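Reading through the structure tokens given below for one structure.
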Amino acid sequence: MDAPSLPIADCAYVRSDFQPPAPGLQAVAYRPATVGGLVVRPAVFRPSELSVRPVASQPGQGAGAWYVYRCSSGGEQDALYRAPVWIPDAAAAPAPDPEALAEQARNQLRLPGPQIVMNPSVDQLVGLPTWLWLDAAGWNQLAATAAAGGVSVTAVAKPMQVTWSLGDGGTVTCTGPGTPFPNGADPKSASPDCGYTYRHRSLDTPGGTFAVTATVRWDVTWAGAGQAGTFPGLTTVSTTQARVIDVPALTTGGG
């Protein structure tokens, strides 16, 4: 006749609220009875007994807890007494550096290059105001966020000004994208916020054109994890060619 099978005990050290007894006091140890059930017998902790606590894991050296050996199956207990063990808590991973995340967020910004528009739309004329502006779709605040370890930081870039280099040595700095030339406006009228008037034609220069460059400066700020800061301004640049001609009627004022 086969012997009856016994349930398999699932035993392991588990975290507990155990506290070590003071010297000379008795603690309770659980032992299996000879016939059925459990009995409780006193066990005395003596200084001469071996300790299973690692030296580096003694209480008072950081956060941790006592772990006791327990079996989860009903009616079965391990016959060997295993002393509680002090185990320190795992060291918490250091929180991400907000400034490092801010760098990542800044690098994720996708700033558009300025789209240059000028009026007159074909050739610029000596002595006639030239209107300068950028496509307004590219003059918007942009943001990017970087996150790690439950910490997130957002970098925000805002266009602040555009500096125009007109190719003949002249420069203009405008605090906005400029105003588009209105349909039907007087060609001799000047831009209210961003314009230039050429005094020399480009036909006398190599290539016959002036290189016109627009450089937009963006201010970048960041905030997150209770901190905030700024980055040195970023810039985006675009270049186009402008042909400047002279019309005697305009330069002399004749009809």
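The values are calculated or read from the model by the stated rules, or taken from the named source; none is laboratory data. These figures come from a predicted structure and were not determined experimentally. For neighbour counting, all protein chains shown are included, and Cβ atoms are generated from backbone atoms with ideal geometry for every residue, glycine included.
Summary table
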| quantity | calculated |
| --- | --- |
| Qualifying residue in the stretch 215-233 (condition: surrounded by fewer than 14 Cβ atoms within 10 Å (Cβ to Cβ), in the same structural domain as ALA137 (by TED's automatic domain parsing), in contact (Cβ under 8 Å) with a residue 40 or more places away in the chain and aliphatic (A, V, I, L, M)) | no |
| Condition broken by THR235, with the remaining ones in (1) more than 21 Å from PRO112 (Cβ to Cβ); (2) under 26 Å from the mean Cα position of the chain (by Cα) satisfied | (1) |
| Test: residue in the stretch 132-139 that is surrounded by 13 or more Cβ atoms within 10 Å (Cβ to Cβ), farther than 27 Å from THR230 by Cα and touching a residue at least 40 places away in the same chain (Cβ under 8 Å) | yes |
| Filtered residues of the stretch 125-158 (kept if in contact with a Leu (Cβ under 9 Å, 6 or more places away or on another chain), polar (S, T, N, Q) and under 18 Å from ALA214 (Cβ atoms)) | THR130 |
| Among (1) modelled with pLDDT under 95; (2) closer than 25 Å to LEU142 by Cβ - the single one ALA155 does not satisfy | (1) |
| Criterion: surrounded by 17 or more Cβ atoms within 10 Å (Cβ to Cβ), in the same structural domain as LEU125 (by TED's automatic domain parsing), touching a residue at least 60 places away in the same chain (Cβ under 8 Å) and out of contact with any Cys (no Cβ under 6 Å at 6 or more places or on another chain) - qualifying residue of VAL247, VAL237, VAL212 | VAL212 |
| Odd one out for ALA249 among (1) at pLDDT below 95; (2) hydrophobic (A, V, I, L, M, F, W, C); (3) in contact with a strand residue (DSSP E or B) (Cβ under 7 Å, 6 or more places away or on another chain) | (3) |
| Selected residue [surrounded by 20 or more Cβ atoms within 10 Å (Cβ to Cβ), farther than 14 Å from ASP193 by Cα and of a type outside the set (A, V, I, L, M)] from PRO114, PRO177 | PRO114 |
| Scan of the stretch 222-250 for residues that are among the hydroxyl-bearing types (Ser, Thr, Tyr) and closer than 24 Å to ASP135 by Cβ, ordered by number | THR235, THR236, SER238, THR239, THR240 |
